[in-house]
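Written out below as structure tokens is the structure these notes cover.
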């Protein structure tokens, strides 16, 4: 009887371990340039980088950025479509990967490009609209009409890209007390106090921080201990380091993701830190199409490890799987996700040779299955 119990226990442990090495990979796409159904869900194996298609939406327009609820039951996406843009809520079955549309709301601004969520709200950055929109969550996971819209103003020195305000990101501070928002159009980071329960003043302005004129702040991320913020600028390739505490940013350093001898067209895109907090990665588009790798020092500053080709065109977004074993890059223009193996000791990347063929993949999110 004892042997039988031990055998059953070993089977159970093995089964749990097998499940733990797999996650859902949820991918948002552009649907106006090639044949895409919208959002796709794959099983991804964090030991082998093997993947299997599970499910997809049907006829969802340009879900170019996604966020998943903490309980893994809902997916929220932008629907980037100029003045007709919307925000959608989906019920999500993590086991099957099935997505069922609950509802959608007007985005309250043109071309939403980023969104975040918590138990109470879905908060959206509208790029062309130059504003932030806050939507409440209903009990069934659907979203209410907007309860707050914050319009940004101003422009920058780059007349082609900074003719007006362009909100490119909203991002929670680690303690969820603040929300940071990058504005590519006027070279500022805005900091808001976050009041999740409020019905009209969810975001209260605290401060704004100006960065170099013409740099175009795009994406940022926090260090694992929450003490530093790393800001990637789209228009000049700069990577700025700030000390962070209680909704306050203080610049402590700056580097670049551009190679010394690079003279071509570029467009900085995405930035992420490895799960162990030791390495930072940043993608660059245009004629560069690279991933630049930095080691994070104890001081928060960065030292360059190297740079590798992203092996495609338009690495708009990338994601590191929860195990830290692999880095996956979505290429908007060559229609595939390239899978790299990560060396956890050096931070360097090597091509696995594995590809997920998909129309214009531009947002990759891992979530438990």
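The values are calculated or read from the model by the stated rules, or taken from the named source; none is laboratory data. As the structure is a prediction and not an experimental result, all values here were calculated from the model. Don't worry about glycine lacking a Cβ; one is built from the backbone with ideal geometry, like all the others, and counts go over all protein chains shown.
Select from segment 84-117 the residues that are touching a residue at least 40 places away in the same chain (Cβ under 8 Å) and surrounded by fewer than 21 Cβ atoms within 10 Å (Cβ to Cβ) and list them in ascending order.
Across segment 84-117, the qualifying residues are 91, 94, 95, 96, 98, 101, 102, 103, 105, 106, 116.
Against the definition (without any contact (Cβ under 8 Å) to a residue 12 or more places away in the chain and surrounded by fewer than 16 Cβ atoms within 10 Å (Cβ to Cβ)), how does residue 159 come out, yes or no? Give the derivation first.
Numbers: without any contact (Cβ under 8 Å) to a residue 12 or more places away in the chain: yes; surrounded by fewer than 16 Cβ atoms within 10 Å (Cβ to Cβ): yes.
For residue 159, the condition - without any contact (Cβ under 8 Å) to a residue 12 or more places away in the chain and surrounded by fewer than 16 Cβ atoms within 10 Å (Cβ to Cβ) - is met.
Of all residues being over 19 Å from the mean Cα position of the chain (by Cα) and touching a residue at least 24 places away in the same chain (Cβ under 8 Å) in segment 252-277, which is surrounded by the fewest Cβ atoms within 10 Å (Cβ to Cβ)? Just the residue, please.
264
Please verify whether segment 346-358 includes one or more residues that are crowded, with 19+ Cβ neighbours inside 10 Å and closer than 24 Å to residue 68 by Cα.
Yes, because at least one residue in segment 346-358 is crowded, with 19+ Cβ neighbours inside 10 Å and closer than 24 Å to residue 68 by Cα.
How many residues does segment 69-78 contain that are surrounded by fewer than 21 Cβ atoms within 10 Å (Cβ to Cβ) and within 17 Å of the chain's Cα centre (by Cα)?
Here the count works out to 3.
Among the residues in segment 170-183, are any modelled with pLDDT of 95 or more, surrounded by fewer than 18 Cβ atoms within 10 Å (Cβ to Cβ), over 23 Å from residue 224 (Cβ atoms) and out of contact with any helix residue (DSSP H, G or I) (no Cβ under 9 Å at 6 or more places or on another chain)?
no
Does segment 71-92 hold any residues that are out of contact with any strand residue (DSSP E or B) (no Cβ under 8 Å at 6 or more places or on another chain) and over 19 Å from residue 360 (Cα atoms), and which are they?
Across segment 71-92, the qualifying residues are 71, 83, 84.
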